[in-house]
Every structure is written in structure tokens, then in C-alpha cells.
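The values are calculated or read from the model by the stated rules, or taken from the named source; none is laboratory data. These numbers were taken from a predicted model, which means no experiment stands behind them. We place every Cβ from the backbone using ideal geometry, glycine too, and count neighbours over all the protein chains shown.
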Amino acid sequence: MAGATETTAILNDGRELALAWLTPGDAGIFPQLAESLAPADTAHLSLDLKNPAQLTRWLESLERGELLILAARDPEENRRLSGYCALRLGRGARAHMAQVETFLQPPYRDLGLGSTLIKEAAGLAAQRKLDYLEAEVHVEDRALIDALKNLGFELKAIIENYRVDCAGEPYDVIILLKRLSYPSKKEFLYRY
């Protein structure tokens with residue numbers, strides 16, 4: 001959970017990164033991350049990390065407990081943020097699920113870090129007794145789609161022009177779901 005001790009992730013190339021759930025006091029690492037990124041690095045994220053107003057609103061969700069962020073930091077790079085996995089907790093009729101989104105700095109891609117972050121996030125979501133994780137992925141991001149399928153996510157829908165990138169261009173999205181629990185019908189109806 002947020003504020004918990006760090007764990008270690010070992011990348012496919014042997015490097016070790018520190019993983020920890022962020023607290024609201026850790027939010028200052030994101031502007032530094034945004035400064036180092038090219039626009040193409042974040043074109044298909046749900047938020048523009050380079051937009052201070054969007055970043056502030058997103059991080060306010062962390063303060064309100066509506067967002068959980070698992071950060072990966074590289075001890076060899078002055079604990080620079082290497083990537084993160086965000087869980088946006090659902091509310092109301094979506095209180096039984098969370099939306100998951102992962103971002104990795106380009107040098108940390110294709111090394112197993114994204115899968116490690118998503119597995120850890122799924123573990124926390126299961127501890128919180130959530131039923132589903134949902135991911136919205138650009139249809140052309142085959143590597144992420146394949147990684148999510150390998151982690152137990154199932155393709156549920158393709159929606160045309162569902163999102164708009166940072167340049168204002170619409171793009172198609174694939175919706176994937178991972179079932180975390182199987183509530184009985186009685187529990188489900190009672191809960192909702």
C-alpha cells in the first residue's frame with residue numbers, strides 16, 4: 001500500500017530498480033520526469049505529463065485516495081523515476097474495479113518492468129477486493145497488448161476514435177479486462 005517499504009524489481013538485463021507506492025508527498029518527482037520526455041514518449045497516455053494543470057489535477061486524485069501509483073526508481077540514476085503504474089480506483093457503479101495505466105521511460109522498455117509493475121498493481125487491487133482491472137490501449141501498441149494478455153487480461157472491445165492524443169488527434173483504443181475475483185450473484189447484487 002501507499003507508504004509501504006520498497007521492494008526490488010530485477011530487469012531482464014540484470015539491473016535492479018526500487019519499487020514503492022507513492023504518497024502525496026512524493027508528487028514532486030513527476031515534473032522532473034515530464035521535463036525529460038519527448039512528446040512522442042507520452043502521446044497515448046490518459047494525461048499530458050507536460051501539462052502542469054493536468055498533472056496537478058491527476059496528483060490531487062492521489063491525495064484524495066482515488067489514485068494509487070507504484071513507482072519504479074533507478075538507484076544507479078540518482079533514484080530517477082524509471083516508470084510507474086497508476087491505478088485509478090472506480091467510484092459508484094465502478095467501485096468494484098480500477099483502471100490501470102503504465103508508463104515507462106524509453107530506456108526501461110522491453111525489459112520486463114511494465115509486467116512487474118502491473119503484477120504488483122494487480123496484487124494490491126486483489127488485496128482491496130476489487131473484481132476487475134481495466135486497461136485502455138492504443139490499437140497499434142502490440143507489445144503492451146501482448147504483455148497484458150500474458151498477464152491474464154482479455155480483449156473486450158475496440159472503440160474507434162475513443163481517445164485524443166496530446167496533439168489533438170483521435171485514435172482507436174482496445175479495452176482489456178483482467179478478472180481478479182469471481183463474486184457470487186448474491187454478493188454482486190447485494191453490493192450494487
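Quick rundown of the values:
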| read-out | value |
| --- | --- |
| Looking only at the range 63-85, and only at residues there that are assigned to a helix (DSSP H, G or I) and within 27 Å of Ile10 (Cβ to Cβ), the one that is modelled with the lowest pLDDT | Glu77 |
| Ala40 vs. criteria closer than 19 Å to Ile145 by Cα, surrounded by fewer than 18 Cβ atoms within 10 Å (Cβ to Cβ) and without any contact (Cβ under 8 Å) to a residue 40 or more places away in the chain | yes |
| Residues (of a type in the set (D, E, K, R) and either part of a strand (DSSP E or B) or touching a Pro at 6+ places or on another chain (Cβ under 7 Å) (or both)) located in the range 93-110 | Glu101 |
| Which numbered condition Leu45 fails, given (1) touching a residue at least 12 places away in the same chain (Cβ under 8 Å); (2) outside any loop (DSSP other than H, G, I, E, B) | (2) |
| Some residue of the range 23-38 being of a type in the set (Val, Ile, Thr) and more than 19 Å from Thr116 (Cα to Cα) | yes |
| Matching entry among Gly112, Gly83 (being under 20 Å from Thr5 (Cβ atoms) and not polar (S, T, N, Q)) | Gly83 |
| Given (1) modelled with pLDDT of 95 or more; (2) closer than 30 Å to Asp13 by Cβ; (3) of a type in the set (Val, Ile, Thr), number of the condition Ile175 does not satisfy | (2) |
| Extreme residue, surrounded by the most Cβ atoms within 10 Å (Cβ to Cβ), among residues of the range 59-81 that are in contact (Cβ under 8 Å) with a residue 40 or more places away in the chain and among the acidic types (Asp, Glu) | Asp74 |
| Criterion violated by Asp165 - all others in (1) modelled with pLDDT under 95; (2) of a type outside the set (Gly, Ala, Ser); (3) surrounded by 19 or more Cβ atoms within 10 Å (Cβ to Cβ) satisfied | (3) |
| Residue that is surrounded by fewer than 13 Cβ atoms within 10 Å (Cβ to Cβ), without any contact (Cβ under 8 Å) to a residue 12 or more places away in the chain and part of a strand (DSSP E or B), where the choices are Thr8, Thr56 | Thr8 |
| Tally of residues being more than 23 Å from Leu89 (Cβ to Cβ) and free of Cβ contacts under 8 Å to residues at least 60 places away in the same chain across the range 126-142 | 3 |
| Residue that is surrounded by the fewest Cβ atoms within 10 Å (Cβ to Cβ) [pool: residues in the range 11-37 that are assigned to a helix (DSSP H, G or I) and among the charged types (D, E, K, R)] | Glu35 |
| Residue list for the range 116-157, restricted to those being in a loop (DSSP other than H, G, I, E, B) and either crowded, with 18+ Cβ neighbours inside 10 Å or in contact with a helix residue (DSSP H, G or I) (Cβ under 9 Å, 6 or more places away or on another chain) (or both) | Leu130, Asp131, Val139, Leu151, Gly152, Phe153 |
| Condition broken by Gln105, with the remaining ones in (1) crowded, with 20+ Cβ neighbours inside 10 Å; (2) under 19 Å from Asp141 (Cβ atoms); (3) touching a strand residue (DSSP E or B) at 6+ places or on another chain (Cβ under 6 Å) satisfied | (1) |
